[in-house]
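Let me begin by presenting the structure, written as structure tokens, before commenting on it.
The values are calculated or read from the model by the stated rules, or taken from the named source; none is laboratory data. Only a predicted model underlies this, so the values are computations on that prediction, with no experimental measurement involved. In this analysis, Cβ positions are derived from the backbone assuming ideal geometry, glycine residues included, and neighbour counts consider all displayed protein chains. Ligands, DNA and RNA are stripped out before the accessible areas are found, and what is left, the full protein with its side chains, is counted by its heavy atoms. Shrake-Rupley method; radii C 1.70, N 1.55, O 1.52, S 1.80 Å.
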Amino acid sequence: MCGIVGYVGSREAAPILVEGLTRLEYRGYDSAGVAVLNGRGVETRKVAGRITALGELLTRTPVHGACGIGHTRWATHGAPSERNAHPHVDCTGTVALVHNGIIENAELLRARLERAGHRFATETDTETLAHLIEDAPGATFEERVIAGLAPVEGTYGLAVISEADPGKIVVARRGSPLLIGVGAGEYLVASDANAVLQRTRSVVYLNDGDIAVLTPLGYRVLDRAARVQDRAVDDIEWDLETLALGHYPHFMLKEICEQPDSVRATLRGRLLPDEGTARLDGLNLPPARCARVQRIVILGCGTSWHAGLVGRHVLEDLTGIPVSVEYASEYRYRKPLRLPGTLTVAISQSGETADTLEALRAAKAAGSTVIGIVNVVGSTIAREADGGIYLHAGPEIGVASTKAFTSQLVALLLFALYLGRQRGLALAAGRTLVRELERLPDLVGRTLELEPAVRALAERHGDARNALYLGRGVNFPVALEGALKLKEISYVHAEGYPAAEMKHGPIALIDENTPVVFVAPKDPVYAKVVSNMQEVKARGGRVVAITSEGNGDLRRLADHQLSVPATLPLLSPVLTVIPLQLLAYHIAVLRGCDVDRPRNLAKSVTVE
Ligand code: G6P
């Protein structure tokens, strides 16, 4: 979704802004722009379309100056046009700003401002902010920004520059993430740490309600009464190298192939083989609190919700605690149930998904303890949760989540192991799980060796217009995830279903043109899934079986069989999902789709 970057220092701002915006491309956007302050005032350059077009425009008509702001827009209010692209300016063209979030009372504010004589040039909600600041009182630029924001309802991450105050960026945060990059004699603001990495690895994550003032001499964080606030400086864990494609054609493939390392990183330092349990320092859930948990509610969206479904199975199995899994967007609008002993688990790769964040807040307001399973360090969900587990999977750039999913599964396994051992899971069972978790990164590596076979499968089925993914038990959510991956990046319609439910509807879809992918590793429901394969075969369907080594030959039933290494059934989703990720990837490539930037999707959905 929308991205912000700002720079103030002694260098030319425009190339730094463009480089920063390029690092935000993966989030999804439809237009882009920059505004730079110099002796001539505020100069803006905007395009509908890609950052490369913005770079070309800046080559043809450069803007010079050492203070500027830039933006990638993902349209909400108004079409994705050059006019509606940020930065937006006030009537005088002296105040320019970029904005992430949604101004909920924009219509009302706009009407009021128009009555007062302001002229609007765009259809966006953001433009109201520029006009509000234009009229706002205050002795300093930051005071005017604070006063201008007073009547605003909704969410914003905001960076503003003014001709009247050259060499200064004022930023404000409410509901949309922002951080400051702290360099040597230069400071950046961005909505995502990747955008500042080119200049610095030191960052200050802003809190909701913060205002910050950046000049070449330093930065100050203020509250709404302009009182200085103390904020810690953190280090970004990764570097620019991590954000490069290397020899891979797409980030999605790179991230699929990184999974032995990302799974290893999620496990690192967390397994206690002798005690047969996990050490989760950030969880903030000591034994006495574990004992009080009577019910677990898992919240998430998209792929994270699928991880939650696997988590339900694993948690109920290892802890005996009842678990429900909720779409965050649905949960947040239901009547909150104040049930004592509820532990809420919010799962989010980005830690910024608006629905998951609001659901977390609703759960907290209903009295629940909330833990976050999050990849992005310093993200809002990570900061608002009472405790949590970081994935440490490294930045995920591909819009379709892959390595974050397997790390989420591993984090849930660790969590269930820890909680289970507190709740009566036997030492021997704990030790067995620890041993198998230790092997997991290598098993993931061996699973990736299936890639040539999966590519061949993609060539065989790349022309299908529909596909069905079926699984049972802990692998039913893997079927959902496989179908989602295919839909997201190749635009082929796919449905995931519990294998036995097929008979209650989807069986009507089966014909020789519809591949049916079964997720069927060796587990207690394997024989049942094989019966479901028979039913598909009997109706002339094309069967693809993802099974595990040692399961025997399914060639009689399956047109294609891919075997992942054998492991404990509860761990199997970490392996079975990998051929499905690869299958979606190769089908999308064969169909000529933009794998890392699928149409209409955003990496991090920060609006409702
Ligand atoms: C978007 C992404 C998905 C992701 C979902 C939840 O839809 O395209 O890949 O699963 O958001 O994101 P989160 O960051 O909360 O895991």
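Worth a mention:
- Relative to the Cα centre, the charge distribution of segment 275-336, modelled as +1 at Lys and Arg Cβ and -1 at Asp and Glu Cβ, gives a dipole magnitude of about 320 debye.
- Note on segment 450-608: semi-axes of the ellipsoid equivalent to its C-alpha gyration tensor, largest first and rounded to whole Å, are 24, 17, 16.
- Evaluating 6.51 cos²θ - 1.76 cosθ + 1.60 at θ = phi - 60° for every residue in segment 524-537, the Karplus couplings come out as x, 9, 4, 4, 5, 5, 4, 4, 5, 4, 4, 5, 6, 4 Hz, glycine and proline recorded as x.
- Probe 1.4 Å, protein heavy atoms only - accessible area per residue of segment 108-201 in square angstrom: 33 Å²
- Dipole of the chain, positive direction: furthest Cα of 209, 508, 392, with charges on the beta-carbon: 508
- The amide H of residue 518, built 1.01 Å from its N in the peptide plane, has 470, 544, 545, 546 as neighbours under 5 Å, considering only residues 5 or more places off or on other chains.
- Net charge, residue 82 excluded, C-beta distance under 13 Å - Lys, Arg +1, Asp, Glu -1: +3
- GluC sites (Glu not before Pro) restricted to segment 431-488 and DSSP loop, no more than 11 other C-beta within 10 Å: 449
- Segment 443-525: C-alpha gyration tensor shape, a/c 1.5 cut-off, then a/b vs b/c: oblate
- Report note on the peptides 97-106, 299-308: ranked by the mean count of other C-beta atoms within 10 Å, highest first, their order is 299-308, 97-106.
- Extension gain from residue 111 to residue 76, taking 0.36 nm per residue of separation minus the Cα-Cα distance: 10.7 nm
- Charge dipole (the chain, unit charges on Cβ, about Cα centre) - positive-most of 187, 305, 63: 305
- Euclidean distance of C-alpha centroids, segment 316-342 and segment 55-84, integer Å: 43 Å
- Estimated FRET transfer efficiency (residue 261, residue 284; beta-carbon r; R0 25 Å; 0.05): 0.40
- Positive-pole candidate from 518, 376, 109, dipole of the chain, charges at beta carbon: 518
- √(5λ) per eigenvalue of the Cα gyration tensor, segment 210-298, largest first, Å: 35, 29, 13
- Relative protection proxy for 14-21, 180-187, from highest mean packing down: 14-21, 180-187 (other beta-carbon atoms within 10 angstrom).
- Reported to the nearest whole Å, the Cα centre-to-centre distance from segment 252-302 to segment 93-137 is 45.
- Accessible surface, segment 281-417, averaged per residue in Å² (probe 1.4 Å): 32 Å²
- The 3J(HN,Hα) values that the Karplus relation (6.51, -1.76, 1.60; θ = phi - 60°) gives for segment 242-251 are, in residue order, 4, 8, 8, 6, x, 8, 8, x, 9, 5 Hz. Gly and Pro appear as x.
- Distances between placed amide hydrogens fall under 5 Å for residue 325 paired with 298, all partners being 5 or more residues away or on another chain.
- Kirkwood radius and radius of gyration were both taken over the C-alpha atoms of segment 1-100, and their ratio Rg/Rh is 0.93.
- Per-residue ellipticity at 222 nm computed for the chain from its helices equals -10500 deg cm²/dmol, with DSSP H segments shorter than 4 residues left out and the rest contributing -39,500 (n - 2.57).
- Note on residue 485: lysines with a C-alpha under 24 Å away, same-chain residues under 8 apart excluded, are 254, 403, 503, 522, 603.
- The dipole here belongs to the chain: it is taken about the Cα centre, uses +1 on the Cβ of Lys and Arg and -1 on the Cβ of Asp and Glu, and is about 1120 debye.
- In this label model, residue 449 and residue 135 are separated by 7.0 nm, measuring between points 7 Å along each Cα→Cβ vector.
- Centroid-to-centroid separation of segment 160-200 and segment 1-41 [C-alpha atoms, Å]: 10 Å
- Accessible area, probe 1.4 Å, largest first, for residues 528, 335: 335, 528
- For the chain, a Kirkwood hydrodynamic radius built from all Cα pairs, placed in the Stokes-Einstein relation at 10 °C and 1.306 mPa s, yields a translational diffusion coefficient of 63 µm²/s.
- Efficiency of FRET from Cβ geometry, residue 234 and residue 538, R₀ 51 Å, rounded to 0.05: 0.30
- Coil-residue trypsin sites (Lys or Arg not before Pro) of segment 44-130, DSSP, other Cβ within 10 Å capped at 11: 119
- Under 14 Å from the Cα of residue 168 - aspartates and glutamates, other chains or at least 8 residues apart: 142, 143, 186
- Debye log10 I(q)/I(0) at q = 0.13, 0.16 Å⁻¹ for segment 330-473, Cα point scatterers: -0.80, -1.06
- 3J(HN,Hα) along segment 57-63, derived from phi through the Karplus expression 6.51 cos²θ - 1.76 cosθ + 1.60 where θ = phi - 60°, amounts to 4, 5, 6, 6, 10, x, 10 Hz, with x in place of Gly and Pro.
- For segment 323-440, the Cβ-based charge dipole about the Cα centre amounts to some 420 debye (Lys, Arg positive; Asp, Glu negative; other atoms uncharged).
- With only Cα atoms counted, segment 378-457 has Rg and Dmax values of 16.1, 47 Å.
- Rolling a 1.4 Å probe over the protein heavy atoms gives segment 15-94 an accessible area of 37 Å² per residue.
- Alpha carbon convex hull of segment 67-110, projected area averaged over orientations, nm²: 3.7 nm²
- Using a Förster distance of 35 Å, the FRET efficiency for residue 463-residue 123 (Cβ separation, nearest 0.05): 0.30
- Rg/Rh for segment 536-608 stands at 1.10; both radii use Cα atoms, and Rh follows the Kirkwood definition.
- Only protein atoms count toward the accessible area here, which uses a 1.4 Å probe; on the chain, the carbon and sulfur part of that area reaches 50 percent.
- In a fully extended conformation the segment linking residue 215 and residue 38 would gain 62.3 nm over its present Cα-Cα distance, using 0.36 nm per residue.
- Those chymotrypsin sites (Phe, Trp or Tyr not before Pro) in segment 321-365 that DSSP places in a loop and that have at most 15 other beta carbons within 10 Å: 333
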